[in-house]
Structure formats: structure tokens, C-alpha cells
Amino acid sequence: MIQARTAAWWRATLALCLGSMLVFINLYAPQPLLPELRAGYQVSTLMIGLVMSLATLTLAVSLLVYGPLSDAIGRGGIMRLSLLGAAGVTLLLAWAPDINSLLVLRALQGLALGGLPAVAIAWMGDEFHPAAIAPAVGLYIAANTLGGIGGRMLGGSIGDWWSPEVAFLSIGGITLMGVAIFWRLLPQADSFRPQPFQLTQAAGSLLGHLRNPLLLGAYLIGGLNFLVFINQYSYMTFRLAEAPFELDAHWLGLLFLTYLGGTLGSSISARVAARLSATGNMLTGILIMMCGTAITLAPVLPLIVVGLTISAFGFFLCHATASGWVGRQAVHARGSASALYLVFYYLGASLGPLWMEPFWLWRHWAGIALSSWLVLIFTLGLAIWLRHRQARALQPVLDASP
């Protein structure tokens, strides 16, 4: 087993962080371009929002395949080929002639992108010593945030200076170079033991995870929090593209530098959890998200940026903890357990517009804040329930100790 902070640990963690960055660069590059794409295609905010939600929806569906498949055939090949396929689809986006073609390609891109996030943490669970997993997961999720920032900044800047088509071509080329590096860096798996793939067994594993309340609570918290977080950014681009702000795609891309708050939150999550406990971390992250959302109601841009940064810190503090929690609580089929967490996670993102659009039409950004608080109050209750459930599960062990 790979020990923490050895040369092998750093090489494997670097490879997985690079792969994670490539996934999120491709997934989120179109987000700052949404106002420009909406005007170009003359469609509604809900329709153009499908550019994001369709990709996350198909990514979520693909996880149900990649997770169990990786338990049978291994994880490294799936990660390498899925990144290569995603790069190819990104290049094809540059030639999408209409909104329907763009949406179909984004759906295909989501299917391709799911390969790495479905199995990366399970790969760590196979190859890393248990003490080495938590710090690696923190860095891996920090790389998620850097990929999200990089993709949006690249998409916004290149799309504003040239065009969305040039942005897609550039990002596709960058991804191909990154895939070549990832291919060489990722070590050979030594501890993986294949399990013969059987549909009934795979379905049984998924149902078993869903029946585990300690896993189900984390699944719901991750998915519902992400529903709030990612869709706040989409609607914020619409808000800031209109008067009185009237920001162009370049500046909207820079707005996602607020994700650096999430980079910090995820990178320190393991240390904070050591003091507060994992469930305490989740509670703290959700409360911070609620405070950040309140600050975004301010009518001035600097306070909006502060609010988004605080929300990002809280979200990724909670998300890094919840995803690591799944890896520890799953007693079998870790690939399926991790994939199922991400199914909930990306389903939340894809369903967000259906929840938030009526609030947006009703009260604009104030409606988005209200819709966010309603969901966050629910996830706060889930975290409290999870805390009590864990305490009940541990009590017999504590009573039996001398």
C-alpha cells in the first residue's frame, strides 16, 4: 500500500489531480459563455442552461456504468480512455451548427467525462494506505476547484477575445496535451483485485449502499449542496451580464476565481475534520454556504465576490468531507459507492435549473437566494441526523470498551 507523502504517493496524487483538472476544465468552460450563447441562439435562460445541466446529467448516468465496470476490469484504463474521448468531443463542439447539435455533443461529453471522477477515489482506496487517503482526497478535490476555475477563465477569456468556437478548439488541444502527461504519470495498479462483473451483483451493491443510512445521508448532502452551489454561479452570470453590472464573458470568467475559496476549503478539510469530526465539518460547511449566499444579496460587486468566495469555501469543505466519508463507510464495492455519491452529486447539478428557474422568474436573484436557503436548511437537517446516526452506531462499541 502506498504510504502518505512518499514519492509514489505524490506521483499518483499529482496524476489524479491533473486528470481531475482536465475533467472540470472541459465540463465548466461553457459556463461564462452562457449569456453570449443565449443571445446568439435567442433562447431562454432555462434552455441555454441545458448546456450545463445536460452534461452533468449524462455524466451522472455514466457513473452507474463506470463504477461497477471498474470493479471488474480495473480503473486506470477507464480513466485514460475517458479523458481522451472527452478531448475529442470538446474539439467537435467548435463545429456545432445549432443549439440542438451543441446540446447533443454536451450530452456525449458528459458521458465521456464520467470515467475519471467515477473511479479516482476508489483507485486511491485500492492503492493507498488508509491514512494516506484523506490528504489525497483533499488535494484531489482542490484540483477540482482549480479545473473549474481554469475552464471558466479559459472559456470566458478566449470566447470574449475571439469566439466560443476558438475557445472549444483551444481547450480541446490543451486537454490532449494533459492526457498525454496523465497517461505517463499514473502508476500501475498493484493492489487492485478484480471482481467478475455481474449485473445482478452490481445492482445489489448499489442497493446495499442506498440502504446504508451513513452513505445515503452523505449522498443527499453532496447532491443537494451541489444543486445550490453550481446553479448559483449560472444564474449569477445572467445577473452580472445585465444592468447595472453588464460584465462581458471575460470578466464573468474571472468571477470564478472565487472558487479559490473552495480550493482552500477542500485542502484543509482533513485537518478541520480532525478537530470537528467529519459530521461537524459538514455542518460547518453548510452554515458557511448559507452565510455566503446572504452576502451575495448585496447590490455591489465586491460584496458579491466576497459572498461567492465564502460559499465556495463552505461548499468544498463539506464536499471534500462527504466524499471521503463515503470511501471510509463503504465496506465493499468501493468503486460503486464512490460512483453513487457522484451520481447524486451531478444529478443535483442537472436538476437545479428546474428548481431555481421559477424563483428566478419570480424575484430574480433574491428568488435564487431563497431557493438556496430552502435546500440548505434541509441539508443542514440531514447533517445533524447523520451526526446522531453515527453516534448511535458507535455507542455499542464505546459501551463494550474497558
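Tabulated data
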{"item": "Identity of the residue in segment 116-135, within 16 Å of the chain's Cα centre (by Cα) and modelled with pLDDT of 85 or more, that ends up nearest to Ala333 (Cα to Cα)", "result": "Val119"}
{"item": "Number of the condition not met by Ile174 [criteria: (1) open to solvent by less than 60 Å² (accessible area, probe 1.4 Å); (2) under 22 Å from the mean Cα position of the chain (by Cα)]", "result": "(1)"}
{"item": "Residues (touching a residue at least 40 places away in the same chain (Cβ under 8 Å) and open to solvent by 40 Å² or more (accessible area, probe 1.4 Å)) located in segment 44-60", "result": "Leu46, Met47, Leu50, Leu54, Leu57"}
{"item": "Members of segment 342-371 that are open to solvent by 60 Å² or more (accessible area, probe 1.4 Å) and either within 13 Å of Thr45 (Cα to Cα) or among the aromatic types (Phe, Trp, Tyr) (or both)", "result": "Leu354, Trp355, Pro358, Leu361, Trp362, His364"}
{"item": "Some residue of segment 15-31 being farther than 21 Å from Tyr140 by Cα and either among the basic types (Lys, Arg) or in contact with a helix residue (DSSP H, G or I) (Cβ under 7 Å, 6 or more places away or on another chain) (or both)", "result": "yes"}
{"item": "Options Ile268, Ile304, Ile295, Ile310; residue that is at pLDDT below 90 and farther than 27 Å from Asn212 by Cβ", "result": "Ile268"}
{"item": "Near pairs, Cβ below 8 angstrom, 6+ apart or cross-chain, from segment 61-90 (under 21 Å from Leu185 (Cα atoms)) to any residue that is among the acidic types (Asp, Glu)", "result": "Arg75/Asp126"}
{"item": "Residue among Gly348, Gly324, Gly335 that alone is within 25 Å of Ala203 (Cα to Cα), at pLDDT below 75 and of a type outside the set (S, T, N, Q)", "result": "Gly335"}
{"item": "Single condition Leu27 does not satisfy, out of (1) crowded, with 19+ Cβ neighbours inside 10 Å; (2) in contact (Cβ under 8 Å) with a residue 60 or more places away in the chain; (3) more than 17 Å from the chain's Cα centre (by Cα)", "result": "(3)"}
{"item": "Every residue from segment 172-211 that is at pLDDT 90 or above and outside any helix (DSSP H, G or I)", "result": "Leu186"}
{"item": "Matching option when the condition is within 27 Å of Tyr219 (Cβ to Cβ), open to solvent by less than 40 Å² (accessible area, probe 1.4 Å), touching a residue at least 60 places away in the same chain (Cβ under 8 Å) and within 16 Å of the chain's Cα centre (by Cα), among Thr279, Thr258, Thr263", "result": "Thr263"}
{"item": "Per-region count, segment 212-228, residues assigned to a helix (DSSP H, G or I) and polar (S, T, N, Q)", "result": "1"}
{"item": "Which listed residue, of Ala180, Ala241, Ala202, is closer than 22 Å to Leu370 by Cα and open to solvent by 10 Å² or more (accessible area, probe 1.4 Å)", "result": "Ala241"}
{"item": "Segment 148-171 - residue that is in a helix (DSSP H, G or I) and free of Cβ contacts under 8 Å to residues at least 60 places away in the same chain and, of those, farthest from Leu255 (Cα to Cα)", "result": "Ser170"}
{"item": "Answer residue from segment 282-310, given it is open to solvent by 30 Å² or more (accessible area, probe 1.4 Å) and β-branched (Val, Ile, Thr) and is nearest to Val375 (Cα to Cα) among those", "result": "Ile288"}
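The values are calculated or read from the model by the stated rules, or taken from the named source; none is laboratory data. Note that the structure is a prediction, hence the values are computed from the model and not measured. So basically every Cβ, Gly included, is an ideal-geometry build from the backbone, and we count neighbours across all protein chains shown. Just the protein is used for accessible areas: all its heavy atoms, side chains included, with ligands, DNA and RNA removed. Shrake-Rupley method; radii C 1.70, N 1.55, O 1.52, S 1.80 Å.
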